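The values are calculated or read from the model by the stated rules, or taken from the named source; none is laboratory data. In this text, all values refer to a predicted model and were calculated from it rather than measured experimentally. Cβ placement follows ideal geometry from the backbone for every residue including glycine, while neighbour counts extend to all protein chains displayed. Quick note on the areas: whole protein, heavy atoms, side chains included, nothing else; ligands and nucleic acids left out. Shrake-Rupley method; radii C 1.70, N 1.55, O 1.52, S 1.80 Å.
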Amino acid sequence: MKLQFLGAAQTVTGSMHLLSANGTRVLLDCGLFQGKRAEAFERNRNFPFDASTIDAVVLSHAHIDHAGNLPNLVRNGFRGKIYATGATRDLSNVMLYDSAYVQERDIEYVNKQHRKRNEPLVKPLYTSEDVGQTVNQMVGVRYHQKVEVAEGITITFFDAGHVLGSAVTLIEVREGERTRTVGFTGDLGRKNMPILRDPEPLGDVDFWISESTYGGRIHEPVTGMEDKLEGILKRTIDRGGKLIVPAFSVGKTQEFLYVLFTLNDSGRLPSVPIFVDSPLSVNTTEVFKMHPECFDKETLTYLLNNEDPFGFGRLKFVRSVEESKKLNELDEPCVIIASSGMCEAGRILHHLANNAGDPRHTVLVVGFMAEHTLGRRIVERDPQIKIFGEFYPLRAEVAVMNSFSAHAGQDELVDYTRTIDKRKLKQMFLVHGELTQAQLLSGKLSEAGYDKIAIPARGDGVELS
Ligand SMILES: [Zn+2]
């Protein structure tokens, strides 16, 4: 049995690992790599293998850095099944169509530049037709249901508590008389987060592939999040400003809405308008409502009492571009939630261009901002930020709430790993984290008595015996 790390190795995007055994090849995740445009373009376009030789894909969750390159895999000849939970399949459906739309718009911009320089035109990474084919190949699998995905290879999903439908995967590989197990976190969530259940242990494994996004950081406790948000809201409104929240359409938006809902429920939400400015968020919120089987008890109770924690009375969902533009003319305190989460694309860019220069406003960061993204420059409070090729001063307040993180922090990653017996674990691989974060986590795990920890680089392969 061989494992190759082909993406999200010493970085956080482009999750993709290849497991080969019994002459079959199973791909774990097939995510988009995000970063500098030219590099991302090259890396996403070219797979380091022939796509038609892959027998099956196991998808941990619907986030675009885990699922976003699947249509390109299909476009390149992959005809096998893609195994995911039902909620992941439904969310991927919405997100991949949106991603195809983004790819097509993106390529228009690239080709405009190419035309100016008389260079040959390029095609988008994939189109909505490829997405249609991809969704057709997706198979919904329940949590805890064991399924054979290739000769001698079975998978079982456990709740990862990271986003609706997210899974930690237990892979059992039978070669001859021997059976060995591999565990893969995908992305691991946190305990006590709104909406979702807590991450669920998967039992002992021989080999363990763990994410390490926040391997070096300890998050604020989940419990204080309502108070902190109330404080940020209050001082922004007192200044007459807008609260601008860049949020991933999937997960973060719904969690943020949920916390606003609980503030509202306890009479602590100031009476300002709240806008969710993203057609994708509207659609994904609908998918959330279709999957109560993934909710925690509290959310289920709200729903049973006919309360809608994602669409309570005060919200306005903004679908059309015209409505979105009107928000710019609004000169009164309000909350605007818009994607994309890392401020690389989407309607958030217009809101930032219009409001970043005014110290009355607040940009509230609730998600991870990868290196070289506009979001990271905002977190680092660069005095000037570049949007659509122009520089804007950053004078708005920048507030950060790590407690919204959908990823486990260092202590939570260590705690989850402790559910695996260290005497049985043969080797551990830390992926999906910048190198320093992975190294810091590795140090903590060693202190907890775990050894044989590797931090593979992209392209590294290991024989698992
Ligand atoms: Zn994720």
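Rounded, prolate or oblate: pick one for the stretch 423-465, where a ≥ b ≥ c are the square roots of the eigenvalues of its C-alpha gyration tensor, a/c under 1.5 means rounded, and failing that, prolate if a/b is larger than b/c, else oblate.
Oblate.
Restricting the count to DSSP beta bridges whose residues both fall in the stretch 222-404, what percent are antiparallel, rounded to a multiple of 5?
On the way: 4 of 23 bridges.
Looking only at bridges with both residues in the stretch 222-404, the antiparallel portion is about 15 percent.
Checking a compactness column here: for the chain, what do you get for Rg(Cα) / (2.2 N^0.38 Å), N being the number of residues? Present the calculation step by step, with values, prior to reporting the outcome.
Working: Rg = 21.8 Å, N = 465, 2.2 N^0.38 = 22.7 Å.
Rg over 2.2 N^0.38 Å, computed on Cα atoms: 0.96.
What is the packing order of peptides 409-416, 341-348, taking the mean over residues of other C-beta atoms within 10 Å and listing the highest first?
Descending mean neighbour count gives 341-348, 409-416.
Return the aspartates and glutamates within reach of LYS444: Cα separation strictly under 13 angstrom, same-chain partners fewer than 8 residues apart disregarded; answer none if there are no such residues.
Cross-link targets: ASP411, GLU412, ASP415.
Among residues other than VAL363 whose Cβ falls under 13 Å from its Cβ, what is the net charge (Lys/Arg +1, Asp/Glu -1)?
Here the charged neighbours net out to +2.
With both partners inside the chain, how many of the DSSP beta bridges are antiparallel, as a percent to the nearest 5?
Percent antiparallel among DSSP bridges in the chain is about 45.
Starting from the Cα of ASP382, step 7 Å along the direction of its Cβ; do the same at LEU300; then give the gap between the two resulting points in nm.
4.6
Regarding the stretch 23-112, what are the three Cα extents along the principal axes, ordered largest first, in Å?
Cα extents, longest axis first: 43, 29, 20 Å.
Can you give me the accessible area per residue for the stretch 344-465, using a 1.4 Å probe, in Å²?
Working: 5450 Å² over 122 residues.
It amounts to 45 Å² per residue over the stretch 344-465.
Using the per-residue mean of other Cβ atoms lying within 10 Å as a proxy for protection, in what order, highest first, do the peptides 87-93, 448-454, 308-314, 65-71 fall?
Ranking the peptides 87-93, 448-454, 308-314, 65-71 by packing returns 65-71, 87-93, 308-314, 448-454.
Could you tell me how far the Cα centroid of the stretch 141-196 sits from the Cα centroid of the stretch 339-369, in Å?
If we compute the Cα centre of each part, the gap is 35 Å.
So what is the relative contact order of the chain, in percent, for Cα pairs below 8 Å that sit 6 or more residues apart?
It comes to 19 percent, rounded to a whole number.
Evaluate the relative contact order of the stretch 222-404 (contact order divided by residue number), counting alpha-carbon pairs under 8 angstrom at least 6 apart; express in whole percent.
Value for the stretch 222-404: 31 percent.
Where does the charge balance sit around GLU226 when Lys and Arg score +1, Asp and Glu -1, over other residues with C-beta under 15 Å from its C-beta?
Charge balance in the 15 Å sphere: -3.
Probe radius 1.4 Å, ligands and nucleic acids ignored: give me the carbon and sulfur share of the accessible area of the chain as a rounded percent.
Reported share for carbon and sulfur atoms: 48 percent.
So what's the stretch 256-338 giving for Cα Rg divided by 2.2 N^0.38 Å, two decimals?
Expressed relative to 2.2 N^0.38 Å, the Cα Rg reads 1.17.
Taking 7 Å along the Cα-to-C-beta vector as the label spot, tell me the GLU220-VAL110 distance in nanometres, rounded to one decimal.
According to this spin-label approximation, the distance is 3.8 nm.
Calculate the translational D of the stretch 1-69 in whole µm² s⁻¹ from Stokes-Einstein, where the hydrodynamic radius comes from the Kirkwood formula applied to all Cα pairs, the temperature is 20 °C and the viscosity 1.002 mPa s. Intermediate values should be presented prior to the final figure.
On the way: Rh = 12.2 Å.
The estimated diffusion coefficient comes to 176 µm²/s.
Is there a pair in LYS81/LYS297; LYS191/LYS289; LYS191/LYS422; LYS36/LYS123; LYS2/LYS452 whose C-alpha atoms are over 27 Å apart, and which pairs would that be?
Working: LYS81/LYS297 33 Å; LYS191/LYS289 21 Å; LYS191/LYS422 22 Å; LYS36/LYS123 18 Å; LYS2/LYS452 17 Å.
In this structure, LYS81/LYS297 lie more than 27 Å apart at Cα.
Among all the aspartates and glutamates, which ones have a C-alpha under 18 Å from LYS386's C-alpha, if same-chain residues fewer than 8 places away are not counted?
Cα-Cα hits under 18 Å: ASP106, GLU344, ASP358, GLU371, GLU397.
How much net charge surrounds LYS326 when only the other residues with a Cβ under 13 Å from the Cβ of LYS326 are counted, with Lys and Arg +1 and Asp and Glu -1?
Result for the neighbourhood of LYS326: -2.
On each of the three principal axes of the Cα atoms of the stretch 294-445, give max minus min coordinate, whole Å, ordered largest first.
Reported extents, whole Å, longest axis first: 62, 46, 24.
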